[in-house]
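Visitor: Take a look at the following structure, please.
None of the figures in this text is laboratory data; all of them are computed from the coordinates on show. Because the structure is predicted, anything quoted here is derived from the model rather than measured. Backbone-built Cβ (ideal geometry, glycine too); neighbour counts: all protein chains shown.
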Amino acid sequence: MQQIKILVVEDEWVVSEEIKEILEKNNFEVVGQAADAQTALEIAEEFKPDIALLDINIKGDKDGIELAALLRNSCDPGIIFLTAYDDQKYLDRAKSVNPQAYIVKPFREKNIVIAIELAFHNLSKNDAEEVGEDDHKYYVLNDRVFIKDNHRFFKLELSRIKYVEAEGSYCHIHTDKGRHTLAINLKHFESKIQHPLLVRTHRSFLVNLESIDALEGSTLFIAEKSIPVSQSHKDDLLNRLKLI
């Protein structure tokens, strides 16, 4: 399952490295480290982080709060401030960009991890719809789902899904990197995802159109997997494919 991508913006390199070590230890992916707003924006443009951990006092002509506002208008990650400033002036300014958390230095590892977990939870409540059973919750955004594994939500980009196979009240999600299982039925999963590339071909299968390698009669092939195409879904599938 894909790791959550985090951008670290901190102008003290020793502190930045400490934060990176904490994040990687806790199975988060650090997509970049920056000491100023311009570098941070360039990294964000390329890697589209899910969360930005921002110090307020950074190098350059823009501070962390101004940077947060710029990030909101670009890739719109969750914002967590990690700063030595705790006076009301900075708190009031920070509120203007609606951060998910505000952590005052010196910080503890547990505080950072909890803040990130809460940030994803709050982002999911605000921007998505919660569905599924308590032990297999997931949160749906336009191009991804966040799947709960124990107490952590992991991102799964919908474009990485090759096909989804039903097995009773379970869904097996097959991706280019492995398989994940949710305790919900396929109809429920399909109704909540509603992604244009994921289409039903059979009562037990949902496929990614871009993953189809071949089609023969009432069977399509994704890699080595043979997937049936029922008569009731065949016309819709053929209308979505370009056949020569």
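Visitor: Which whole-Hz couplings ³J(HN,Hα) result when phi for each residue of the stretch 195-212 is put into the Karplus expression 6.51 cos²θ - 1.76 cosθ + 1.60, θ = phi - 60°, listed in order with x for Gly and Pro?
Guide: Each residue of the stretch 195-212 in turn: 9, x, 8, 9, 10, 7, 10, 6, 4, 10, 9, 10, 10, 8, 4, 6, 9, 5 Hz.
Visitor: Can you show me the helix-derived [θ] at 222 nm for the chain, built from DSSP H runs with n ≥ 4 at -39,500 (n - 2.57) apiece and divided by the number of residues, rounded to the nearest 500.
Guide: It lands at -9500 deg cm²/dmol.
Visitor: Take the Cα atoms of the stretch 67-106, build their convex hull, and give its volume per residue in Å³.
Guide: Values: hull volume 2.4 nm³, N = 40.
It is 60 Å³ per residue.
Visitor: Then there is this: Put a dot 7 Å past each Cα toward the Cβ at residue 225 and residue 27; how far apart are the dots in nm?
Guide: Rounded to a tenth, the inter-label distance reads 2.2 nm.
Visitor: Roughly speaking, what is the stretch gain from residue 117 to residue 39, that is 0.36 nm per residue apart minus the C-alpha to C-alpha distance, in nm to one decimal?
Guide: Working: separation 78, 0.36 × 78 = 28.08 nm, distance 2.57 nm.
Length gained, residue 117 through residue 39: 25.5 nm.
Visitor: DSSP beta bridges in the chain, what fraction antiparallel, as a percent rounded to 5? Present the calculation step by step, with values, prior to reporting the outcome.
Guide: Values: 38 of 56 bridges.
Counting only bridges with both partners in the chain, antiparallel ones make up about 70 percent.
Visitor: Taking the chain as a Gaussian network, where each spring joins two C-alpha atoms under 10 Å apart, which residue of 100, 88, 38 fluctuates the most?
Guide: Per the Cα network of the chain with a 10 Å cutoff, 88 tops the list.
Visitor: What residues of the stretch 18-62 lie in the reach of a label at residue 176, counting those whose backbone N is under 17 Å from a point 7 Å from the Cα along Cα→Cβ?
Guide: Output list for this probe position: 47-48.
Visitor: Would you mind calculating the relative contact order of the chain from Cα pairs under 8 angstrom and at least 6 residues apart, reporting the percent as a whole number?
Guide: On the way: 430 pairs, mean separation 27.1, N = 244.
Relative contact order, the chain: 11 percent.
Visitor: Continuing with the same structure: Quick check: pseudo-label points 7 Å beyond the Cα along Cα→Cβ at residue 110 and residue 57, how many nm apart are they?
Guide: Simple spin-label model gives 2.8 nm for this pair.
Visitor: Scale the Cα Rg of the stretch 158-208 by the rule-of-thumb value 2.2 N^0.38 Å and send over the ratio, two decimals.
Guide: On the way: Rg = 9.6 Å, N = 51, 2.2 N^0.38 = 9.8 Å.
Normalised Rg, Cα atoms only: 0.98.
Visitor: Here's something else I'd like to know. Aspartates and glutamates within cross-link reach of residue 59: Cα-Cα under 18 Å, excluding same-chain residues under 8 positions apart?
Guide: 10, 11, 12, 17, 36, 42
Visitor: Can I ask one more? The chain: longest stretch without exposed trypsin sites (Lys or Arg not before Pro) (DSSP loop, at most 15 other Cβ within 10 Å), sites themselves excluded?
Guide: Numbers: sites that count: 108, 177, 203, 242.
Here the longest run is 1-107.
Visitor: Filter 20/89; 25/95; 162/187 down to the pairs with a C-alpha to C-alpha distance above 19 Å, please. The partial results should precede the final answer.
Guide: Values: 20/89 28 Å; 25/95 30 Å; 162/187 17 Å.
The pairs that break the limit, which is 19 Å between Cα atoms, are 20/89; 25/95.
Visitor: Further question: Can you tell me which lysines have their Cα less than 17 Å from the Cα of residue 242? Leave out same-chain residues fewer than eight positions away.
Guide: Those lysines meeting the cut-off are 234.
Visitor: Quick one: helix 13-25 against the long Cα principal axis of the chain, what's the angle to the nearest 10°, folded into 0 to 90?
Guide: Roughly 30 degrees between the two axes.
Visitor: At 37 °C and 0.692 mPa s, what whole-number value in µm²/s does Stokes-Einstein give for the translational diffusion of the chain, with Rh from the Kirkwood sum over Cα pairs? Don't skip to the answer; put the middle values down first.
Guide: On the way: Rh = 19.8 Å.
After rounding, the answer is 166 µm²/s.
Visitor: For the stretch 70-86, just list the computed ³J(HN,Hα) in residue order, Karplus coefficients 6.51, -1.76 and 1.60, θ = phi - 60°, integers in Hz, with x standing in for Gly and Pro.
Guide: Coupling constants for the stretch 70-86: 5, 5, 4, 8, 10, 8, 6, x, x, 10, 10, 8, 10, 8, 7, 7, 10 Hz.
Visitor: Return the loop-located GluC sites (Glu not before Pro) in the stretch 196-244 (DSSP other than H, G, I, E, B) with at most 11 other Cβ atoms within 10 Å of their own Cβ; answer none if there are none.
Guide: Values: sites: 210, 216, 224; in loops: 224.
Listed in order of number, the matching sites are 224.
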